[in-house]
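Undergrad: Sending over a structure as structure tokens; questions will come in a sec.
The values are calculated or read from the model by the stated rules, or taken from the named source; none is laboratory data. No experiment lies behind these values; they were computed from the predicted model shown. Glycine gets a Cβ as well: all are built from the backbone with ideal geometry, and neighbour counts include every protein chain shown. Only protein heavy atoms, including side chains, enter the accessible area calculation; ligands, DNA and RNA are left aside. Shrake-Rupley method; radii C 1.70, N 1.55, O 1.52, S 1.80 Å.
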Amino acid sequence: MREEDGEIIKDFMYVMRRAPHGTIYTYEGLEMVLISAAFDQDISIAFIDDGVYSLLKDQDTEDLQIKGFVKTFKALDGYDVEKLYVDRQSLEERGLSEDDLIVDVEVLESAEIGKLMAKQDVVIHN
Amino acid sequence: MLHTINQSPFRGDSLTSCIRFIQADDPILFMEDGIYAVQHGNKFNEIISNLSKTNPIYALSPDIKARGIQNVLAEVKQIDYDGFVELVENHQVNSWL
């Protein structure tokens, strides 16, 4: 937590742990990310467990008649949300690699993500 | 950082994932259906015992009582709502939903 121009800025980490389209969690989580980014908070997102599936290339939700969020992930940069961490073990367990993902991320060991979690003011699981 | 688990470990991966990311000395609190993790005789006993060497482990007694769990692992400290409040006062919370 720090203060800048009289505004309090907190470190928020959103933890994406669920596969993307089976529940509303990832969609709602992204809404929260954008809202807190709009309030100039310091945001990071950690993708662990099935959360890594949210970042897969070639997702096409047109036939499900839902908007999908691949475009939102690509736009995060514009909201100054640039700290995207992916758990290496979760990727490997699913036979995935960084090349399968739609955005640039930092692939980290679980212990490193754990340390980052410990530094946050707020951790929210989605 | 206080980690809370409110899901049965037989249903989801909250417990195993939490253990992968938790830092030494961070307290962990089992509550609601998370309570089933700390019953003596189940397959999670060894995981919980190992965890107790590095992290304090708590379980919320009203949730234990409600579920009729009599044989909670000895490594687990049972706390009431006041104890819960005290933990939350002293730590940032990480809820593994």
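Undergrad: To the nearest 100 Å², how much accessible surface do chains B and A hide from each other in total, with a 1.4 Å probe?
TA: The B and A chains share an interface burying roughly 1400 Å².
Undergrad: According to a simple spin-label model (label point 7 Å from Cα along Cα-to-Cβ), what is the distance in nm between A:GLN89 and B:GLN92?
TA: 2.1
Undergrad: Once you have the Kirkwood Rh of chain A from its Cα pairs, apply Stokes-Einstein at 20 °C and 1.002 mPa s and quote D in µm²/s.
TA: 143
Undergrad: Taking just the C-alpha trace of the protein assembly as shown, give me its Rg and Dmax in Å.
TA: 18.6, 56
Undergrad: Between their Cα atoms, which of A:LYS115/B:LYS43; A:LYS10/A:LYS71; A:LYS10/A:LYS115 are more than 22 Å away from each other?
TA: Exceeds cut-off: A:LYS115/B:LYS43; A:LYS10/A:LYS71.
Undergrad: Residues of segment A:97-126 that become at least 10 Å² less accessible with every protein chain present than in their own chain isolated, using 1.4 Å: which are they?
TA: Buried-area filter returns A:SER110, A:ALA111, A:GLY114, A:LYS115, A:MET117, A:ALA118, A:GLN120, A:ASP121, A:VAL123, A:HIS125.
Undergrad: Amide H neighbours of B:ALA59 under 5 Å, at least 5 residues apart or on other chains, H built in the peptide plane: list them.
TA: Those qualifying (amide H under 5 Å, at least 5 residues apart or on another chain) are B:PHE30, B:LYS77, B:GLN78, B:ILE79.
Undergrad: Using only alpha carbon pairs under 8 Å that are at least six residues apart, calculate the relative contact order of chain A and give it in whole percent.
TA: 34
Undergrad: Per residue, how large is the accessible surface of the protein assembly as shown? Use a 1.4 angstrom probe and give square angstrom.
TA: Each residue of the protein assembly as shown exposes 53 Å² on average to a 1.4 Å probe.
Undergrad: Using the Cα centre of the protein assembly as shown as the reference point, and only Cβ charges (+1 on K/R, -1 on D/E), how large is the resulting charge dipole? Debye, rounded to the nearest 20.
TA: For the protein assembly as shown, the charge dipole is close to 940 debye.
Undergrad: Measure off, as a whole percent, the carbon and sulfur share of the 1.4 Å-probe accessible area of segment B:2-96, all protein chains present.
TA: 46
Undergrad: Something else now. Enter the Cα centre distance for the pair segment A:1-50 and segment A:59-82, rounded to the nearest angstrom.
TA: Each part reduced to its Cα centre gives a spacing of 15 Å.
Undergrad: How much net charge surrounds A:GLY114 when only the other residues with a Cβ under 11 Å from the Cβ of A:GLY114 are counted, with Lys and Arg +1 and Asp and Glu -1?
TA: It works out to a net charge of -1.
Undergrad: Got a number for carbon plus sulfur as a percent of chain A's accessible area, 1.4 Å probe?
TA: Accessible surface attributable to carbon and sulfur in chain A totals 46 percent.
Undergrad: Tell me the mean residue ellipticity at 222 nm calculated for the protein assembly as shown from its helices only (DSSP H runs of n ≥ 4, each -39500 (n - 2.57), averaged over every residue, nearest 500).
TA: So the helix-based figure for the protein assembly as shown works out to -8000 deg cm²/dmol.
Undergrad: Right, another one. How crowded by other chains is B:12-19, given as the mean number of beta carbons from other chains within 10 Å of each beta carbon?
TA: 3
Undergrad: Further question on the same structure: State, in angstrom, two size descriptors of segment B:2-96 derived from its alpha carbons: Rg to one decimal place and Dmax to the nearest whole number.
TA: Cα radius of gyration and Dmax of segment B:2-96 are 11.9, 33 Å respectively.
Undergrad: For helix A:25-38, what angle does its Cα long axis make with the longest principal axis of chain A, in degrees from 0 to 90 and rounded to 10?
TA: Between the helix axis and the principal axis of chain A, the angle is about 30 degrees.
Undergrad: With just the Cα atoms defining each centre, how far is segment B:66-97 from segment B:7-52? Give it in Å.
TA: The distance from the Cα centre of segment B:66-97 to that of segment B:7-52 comes to 12 Å.
Undergrad: Further, regarding this structure: Can you list the aspartates and glutamates whose alpha carbon sits under 16 Å from that of A:LYS67, skipping same-chain ones fewer than 8 residues off?
TA: Straight-distance partners of A:LYS67: A:GLU28, A:GLU31, A:ASP58.
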